[in-house]
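Please treat every number below as a calculation from the coordinates, not as lab data. Not measured: the values here are computed from a predicted model. Positions of Cβ are generated from backbone atoms using ideal geometry, with glycine treated the same way; all protein chains shown enter the neighbour counts.
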Amino acid sequence: MKKSLILTSLLVGAISFSGCGSDNDGDGGGGGDNPTPGNNTNNGLSISPITNKNLCNPSKITYANISIDSEFATDGDIIVNCTEIGDNIFGVYQLSSTVQTLTVTNIKKEVNYDVDMDTAKGTNIDSYDYKAGTIHHVMNATLEGKAMHYDCTDTYPSPLPTTISDNSSIMELLDWDGDDNNLITSTCPESYHDDTDDDTQVKKGTLKFIKNFTITDSRGKKHLISNSGELIYK
């Protein structure tokens, strides 16, 4: 498992921590392939939401001893609706009424985590270029007291172009993270993909996150998505 995913899996487990609008990886990139960590403009996070239009800000959700506070924003033909599912409100993505399908030719996605837990502390930025199939990882963290510093890039087969039409197809595309079974090249050391830390458990702590997406369609039109929030494990 990639070490960037370990940081979130410590808290999330099987929980879809950002609701239907963010599925279960925890998890956005409007930036490029060269993040600049260290700005600390968002309480430890290095990037800001790429848009604040068409907001969906559900009430805080609590699962057992995990509380989840998230916010969604969109600008373009992919929209988010605050939707009641069971006892809670979630952000659910869909296409606007002006389009039935959208052919996506590129996505730039940037995911920023700031973790402060009993078993892990630090920051991570992953910058995705879907068209190129690349994910640039920048991590500065400790996991169970072990230092983890990475600045490297994985390259996978591109998932694009592809056509989206509903929440399911939108989420499948937004959640693309590369399949290590199909890894083409990597500048990351073997330790980055080592899964020996997968069983690490957390008892308490916080995880703050921002996910930004800049989506380009076959017409050259850009669509923006931002998903941000905080998990508190009590």
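A few comments on the model shown:
- L55 paired with L183, simple spin-label distance in nm, labels 7 Å along Cα-to-beta-carbon: 4.0
- Divided by 2.2 N^0.38 Å, where N counts the residues, the Cα radius of gyration of the range 46-135 comes to 1.32.
- Counting beta carbons within 10 Å around each of I78, I184 and listing the fewest first gives the order I184, I78.
- Taking a ≥ b ≥ c as the square roots of the eigenvalues of the Cα gyration tensor, an a/c ratio of 1.5 or more together with a/b no larger than b/c marks the range 51-206 as oblate.
- With a simple spin-label model that places each label point 7 Å from the Cα along the Cα-to-Cβ direction, the separation between T105 and D166 comes to 2.8 nm.
- Ordering C152, C188, C56 from the fewest to the most neighbouring beta carbons within 10 Å gives C152, C188, C56.
- Among I89, I135, sorting on how many other beta-carbon atoms sit within 10 Å of each Cβ, with the fewest leading, yields I89, I135.
- Segment A147-D87, extension gain: residue separation times 0.36 nm, minus the distance between their alpha carbons: 17.6 nm
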